[in-house]
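First the structure, then my questions, so here it is.
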Amino acid sequence: MITLPSNWNKERLKDVTTVNALALPASTDLDYEFDYIEISNVDYWGIVDRQAIERLRFEDAPSRARRIVSKNCTIVSSVRPNLQAIAFFPDNTEDLICSTGFNVIQPDIARVDPRYLYYVLLSDYAKQYFEAVATGVGYPAVADKDFEAFVLPLPQLQQQERIAVFLENNCSVIDSVAFSDRSENNKTRMQGILNQQMETLVAYRRALIYECVTGQRRIS
């Protein structure tokens, strides 16, 4: 059980965000074109492989291509939560649709900083919860009611913003070192000492996010 700072609040996700509010209706124009994000397009570090995103017509798209992604949304895979397929979209996302395998979360910006929300959902704090409530053996998934019941640790909005900026600055530096070359051709080179260094950086990144979003590390 995590003990949060005394001046932090706890709120259920469904009480401070909207989840899966927008979706393409069945009556959508068959010629409507959009960029489609599948779970395989998002990696463990919240990085979207934009080269793999397909441009589809509604008529040709799979039936799961329905959920509308908008500015300041975080998308979280509800299946296989251990893989943490999570991505944040801070900018306008015209014609961007994701699979129904994702939950699309839009924060109430008067109460939750969008980027802070992303880091909470990316943290081991969230991962541990989603793994605990997931059901199924071969393809575990988190039910909607359990997903929406996730409890967010919430400092004051100004503090959320400071934490988000701190994590963004530090994680970008770590990522630039640890993932400077993520290509298939680099797998052989990423062995031995170099691989150990990367694992150390990755572990530090995870710990840093966890400590910040649970109040164990104070950001002034």
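Out of all the residues in segment 18-34, is one or more of a type outside the set (A, V, I, L, M, F, W, C), more than 13 Å from residue 61 (Cα to Cα), surrounded by 13 or more Cβ atoms within 10 Å (Cβ to Cβ) and in contact (Cβ under 8 Å) with a residue 12 or more places away in the chain?
Yes, because at least one residue in segment 18-34 is of a type outside the set (A, V, I, L, M, F, W, C), more than 13 Å from residue 61 (Cα to Cα), surrounded by 13 or more Cβ atoms within 10 Å (Cβ to Cβ) and in contact (Cβ under 8 Å) with a residue 12 or more places away in the chain.
Follow-up. Counting only residues that are hydroxyl-bearing (Ser, Thr, Tyr), give me the helices (runs of 4 or more DSSP H) lying completely in segment 105-162 with at least 3 of them.
By residue number, 114-122.
Can I ask one more? Which of the numbered conditions does residue 94 fail, given that it passes all the others? Conditions: (1) among the charged types (D, E, K, R); (2) exposed (fewer than 13 other Cβ atoms within 10 Å of the Cβ); (3) part of a helix (DSSP H, G or I).
(3)
Looking at 15, 35 in this structure, which one is part of a helix (DSSP H, G or I) and among the charged types (D, E, K, R)?
Among 15, 35, only 15 is part of a helix (DSSP H, G or I) and among the charged types (D, E, K, R).
Further, regarding this structure: Being part of a loop (DSSP other than H, G, I, E, B), under 16 Å from residue 93 (Cβ atoms) and hydroxyl-bearing (Ser, Thr, Tyr) is the filter here, so list the residues in segment 18-32 that pass it.
The answer is 32, and nothing else.
Each row is one residue, and each column tells you yes or no for (1) more than 30 Å from residue 10 (Cα to Cα); (2) under 19 Å from the mean Cα position of the chain (by Cα); (3) among the aliphatic types (A, V, I, L, M); (4) modelled with pLDDT under 95.
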{"site": "137", "(1), (2), (3), (4)": "yes, no, yes, yes"}
{"site": "140", "(1), (2), (3), (4)": "no, yes, no, yes"}
{"site": "174", "(1), (2), (3), (4)": "no, yes, yes, yes"}
{"site": "183", "(1), (2), (3), (4)": "yes, no, no, yes"}
{"site": "186", "(1), (2), (3), (4)": "yes, no, no, yes"}
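The values are calculated or read from the model by the stated rules, or taken from the named source; none is laboratory data. Please read all numbers here as calculations on a predicted model, not as lab measurements. Note: ideal-geometry Cβ built from the backbone for every residue, glycine included; neighbour counts use all protein chains shown.
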